[in-house]
Structure formats: C-alpha cells, structure tokens
Amino acid sequence: MHDHTQGHSHDHTAGANATMLKWALGLTSTYLVAEVIGGFYFNSLALLSDAAHMLTDVAALVIALLAIRFGQKSADDRRTFGYRRFEILAAAFNAVLLFAIAIYVLVEAIKRFSSPEPVQSTGMMIVAVIGLVVNIISMRLLTAGKDQSFNVKGAYLEVWADMIGSLGVIAGALVIRFTGYTWVDALVAVGIGLWVLPRTWILLRDTTNVLLEGVPRGLELKEVRAAIAGVPGVAGVHDLHVWSMSNDDISCTVHVAVAAGTEANVVRQAVASLLDERFEIEHTTIQTEAPGEMSGETRHGHN
C-alpha cells in the first residue's frame with residue numbers, strides 16, 4: 001500500500017510566508033555584512049561572534065525559503081523523492097561553517113585575554129543597537145507564519161535567540177565605555193559562542209542523522225516493530241526501515257508475514273493505518289508474504 005499524502009500544512013500560506021521570509025532575509029543579510037565590517041573596523045570580537053550567530057539567522061531564513069520552494073517542486077525521473085533534502089544539506093553546511101567560525105572566535109578571544117586590544121565601544125554599541133532593531137523587525141515579519149510552517153518557526157526562533165546576542169554586545173559595550181576593561185569584549189564573544197554552539201551541535205547531529213537515513217528523532221524502531229507485530233493477522237515482521245527526507249517527512253518500508261487464513265489486504269491496510277495514526281508515518285510501502293517465505297529473500301513488488 002502506498003500513501004502519498006504530502007501533508008504540507010504550510011502550502012496555503014506558502015506565498016505569504018515566502019514574501020515575509022524574503023523581507024526578513026534581506027534585512028538580516030544586509031545587517032550581517034554591516035556587522036562583519038563593524039567588527040573589524042571597531043576591533044570588536046563580540047560583534048564578530050554575534051555576526052556568526054546572525055549567520056545562523058540568515059541560514060535559517062534561506063532554509064525556510066528552500067523548504068517552501070523545493071517542497072512544492074514535484075519529483076521527477078531523476079529525483080524520485082523530490083528536492084526536499086536540499087533543506088537538510090543547507091542546514092548541515094550551516095552547522096559546519098558555524099563550528100569553524102566559533103573556533104576562530106575562541107582562538108582570538110584567548111589571545112585577547114592575554115594581551116587586550118583597544119575596542120571602540122561607541123561604534124560597537126551603535127552596530128549592536130541596529131542589530132537589535134533588525135531582529136525585532138524580523139520577528140514581527142515572521143510572527144504570522146510561525147504557527148503554520150515548521151521551517152518559518154525555526155527561523156523565528158533563531159531570530160529570537162539572536163536578540164540575546166545583540167543585548168550581550170550592548171551590555172559589553174556599556175561596560176567597556178564606563179570601565180575601560182576591553183577584555184570584556186572577548187568575554188562577551190566567548191559567551192555568545194557558548195550560547196550558539198550547543199544548538200549548532202544539535203543541528204549537525206540531526207542533519208547527519210537524516211543524511212545517514214537514520215531513524216527520525218522521537219521514534220524508537222523497536223516500538224514500531226512491536227506495534228506492527230501486534231496487529232491481528234501479523235505472524236512476523238522483518239526488513240523494517242524508517243527514515244526521513246527532511247525533518248518532518250517520515251517514510252517506512254517493511255515486510256510483513258501474514259498468518260495462514262488471513263486476508264493480506266486487510267492486514268496491510270491495518271498496518272498502514274497504525275503507522276499513520278500512532279507514529280504519524282504517512283509514506284509507507286508494506287510488502288506482505290506467507291509465513292514460510294525466507295525473510296532474506298529479495299522481492300521488488302510494492303504491495
């Protein structure tokens with residue numbers, strides 16, 4: 001049985017979401033460039049560290065746009081699963097890039113702790129305040145779509161989290177302004193890095209799991225196997241595979257041995273319904289066979 005229901009809950013709002021995402025992306029990208037330039041010009045490591053975090057916002061917005069664009073693009077003879085994995089590839093690239101930037105910031109911060117460098121706190125504060133305003137505007141743009149789209153919500157949360165980075169830079173600039181302790185700049189930079197890295201690790205872990213066709217987070221394969229085995233008429237379960245093409249698109253293939261005297265179609269439909277209702281697995285390929293058939297036998301029919 002094949003269930004090809006896509007379940008894209010954001011299709012009806014995709015147009016509006018794409019427009020808001022593009023505006024937020026334009027704002028955030030422009031500020032990212034300004035923050036990098038400001039970081040080097042005002043010699044502020046905190047601004048550079050915050051720029052790395054701002055890069056996660058840009059990436060999240062790009063990924064959300066990719067998900068809308070490629071999620072609607074149908075499969076073809078070369079890409080039989082469609083193009084939704086672009087979103088995962090973009091997220092994985094983003095995570096690797098962030099790790100590289102975080103290492104650079106950490107190395108620079110250690111150098112500055114031992115030999116502090118002058119920092120122009122006024123320019124640092126002006127850039128950070130502009131960043132705070134950009135974050136607030138981006139949040140307002142994304143508010144409408146965050147409840148309809150998984151990816152827009154991800155972008156919204158990234159922008160929300162980046163506000164903390166902007167506030168940290170502003171606080172650091174104020175301390176430097178009134179105390180002259182320029183090492184505070186490096187301290188804020190490390191703080192922002194430590195704030196970003198755990199989420200970067202989670203992003204890298206989850207995207208790697210998807211690329212390796214791993215079982216999606218939140219699902220236990222033994223639970224799925226036990227549930228299928230508990231369906232009336234099922235005499236055995238083997239060759240069970242559960243994976244996803246993207247974060248919210250789960251697929252499953254399984255061979256089910258049908259008990260003697262039981263109608264295969266009835267069992268197959270019962271297993272499909274179970275997978276959909278209990279585990280939210282909509283894309284299923286269920287192959288039925290007699291109990292005596294060898295489990296290792298390769299069969300290409302989709303039943």
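The values are calculated or read from the model by the stated rules, or taken from the named source; none is laboratory data. Predicted, not measured: the structure shown is a model, and the values here were computed from it. Here the Cβ positions follow ideal geometry from the backbone for every residue, glycine too, while neighbour counts run over all protein chains shown. The protein model used for the area step is the full one, side chains on, heavy atoms only, and it has no ligands, DNA or RNA in it. Shrake-Rupley method; radii C 1.70, N 1.55, O 1.52, S 1.80 Å.
So in the stretch 111-125, with the set limited to residues that are in contact (Cβ under 8 Å) with a residue 24 or more places away in the chain and open to solvent by 40 Å² or more (accessible area, probe 1.4 Å), which one is nearest to A161 (Cα to Cα)? So that I can check it myself, show each step before the final result.
Initial filter on the stretch 111-125 (in contact (Cβ under 8 Å) with a residue 24 or more places away in the chain): 112-113, 116-125.
From what's left, open to solvent by 40 Å² or more (accessible area, probe 1.4 Å): 113, 116-118, 120, 122, 125.
Details: F113: 26, P116: 28, E117: 28, P118: 28, Q120: 25, T122: 24, M125: 19 Å.
Top of the filtered list is M125.
Looking at A173, A155, A189, which one is aliphatic (A, V, I, L, M), surrounded by 24 or more Cβ atoms within 10 Å (Cβ to Cβ) and within 16 Å of the chain's Cα centre (by Cα)? Walk me through it before giving the result.
On the way: A173 fails: within 16 Å of the chain's Cα centre (by Cα); A189 fails: within 16 Å of the chain's Cα centre (by Cα).
Checking each option against the conditions leaves just A155.
What's the total number of residues in the stretch 184-220 that are hydrophobic (A, V, I, L, M, F, W, C) and touching a Phe, Trp or Tyr at 6+ places or on another chain (Cβ under 6 Å)?
In the first step, residues of the stretch 184-220 are kept if they are hydrophobic (A, V, I, L, M, F, W, C); the result is 184, 186-190, 192, 194-197, 201-204, 210-212, 215, 219.
Applying the additional criterion that residues be touching a Phe, Trp or Tyr at 6+ places or on another chain (Cβ under 6 Å) yields 186.
Final tally of qualifying residues: 1.
When you scan the stretch 192-208, do you find a residue that is in a helix (DSSP H, G or I), among the β-branched types (V, I, T) and in contact with a His (Cβ under 9 Å, 6 or more places away or on another chain), even just one?
Going through the stretch 192-208, the residues in a helix (DSSP H, G or I) turn out to be 192-208.
Now drop any that are not among the β-branched types (V, I, T), which leaves 192, 196, 200, 202, 207-208.
Filter once more, keeping what is in contact with a His (Cβ under 9 Å, 6 or more places away or on another chain): 192, 196.
The answer is yes, given that some residue of the stretch 192-208 is in a helix (DSSP H, G or I), among the β-branched types (V, I, T) and in contact with a His (Cβ under 9 Å, 6 or more places away or on another chain).
Take the residues in the stretch 159-179 that are small (G, A, S) and modelled with pLDDT of 85 or more; name whichever of them is nearest to L97 (Cα to Cα).
S166
Provide a single number: the residues in the stretch 106-119 that are at pLDDT below 80, part of a helix (DSSP H, G or I) and of a type outside the set (S, T, Y).
So in the stretch 106-119, the residues at pLDDT below 80 come out as 114-117.
Applying the additional criterion that residues be part of a helix (DSSP H, G or I) yields 114.
Add one more test, that the residue is of a type outside the set (S, T, Y), and what stays is none.
Looking only at that region, the number is 0.
Specify the residue that is modelled with the highest pLDDT; the eligible residues are those in the stretch 274-303 that are open to solvent by less than 60 Å² (accessible area, probe 1.4 Å) and small (G, A, S).
The extreme case among them is A290.
Restricting attention to the stretch 137-158, report how many residues are at pLDDT below 75 and either among the β-branched types (V, I, T) or not in a helix (DSSP H, G or I) (or both).
Of the residues in the stretch 137-158, 7 are at pLDDT below 75 and either among the β-branched types (V, I, T) or not in a helix (DSSP H, G or I) (or both).
Pull up the stretch 222-267, narrow it to residues that are in contact with a Lys or Arg (Cβ under 8 Å, 6 or more places away or on another chain) and closer than 30 Å to L89 by Cβ, then point me to the one that is surrounded by the most Cβ atoms within 10 Å (Cβ to Cβ).
S246
Just the residues that are modelled with pLDDT of 60 or more, hydrophobic (A, V, I, L, M, F, W, C) and open to solvent by less than 70 Å² (accessible area, probe 1.4 Å), please, taken from the stretch 9-37.
Selection gives A16, A18, M20, L21, A24, L25, L27, L32, A34, V36.
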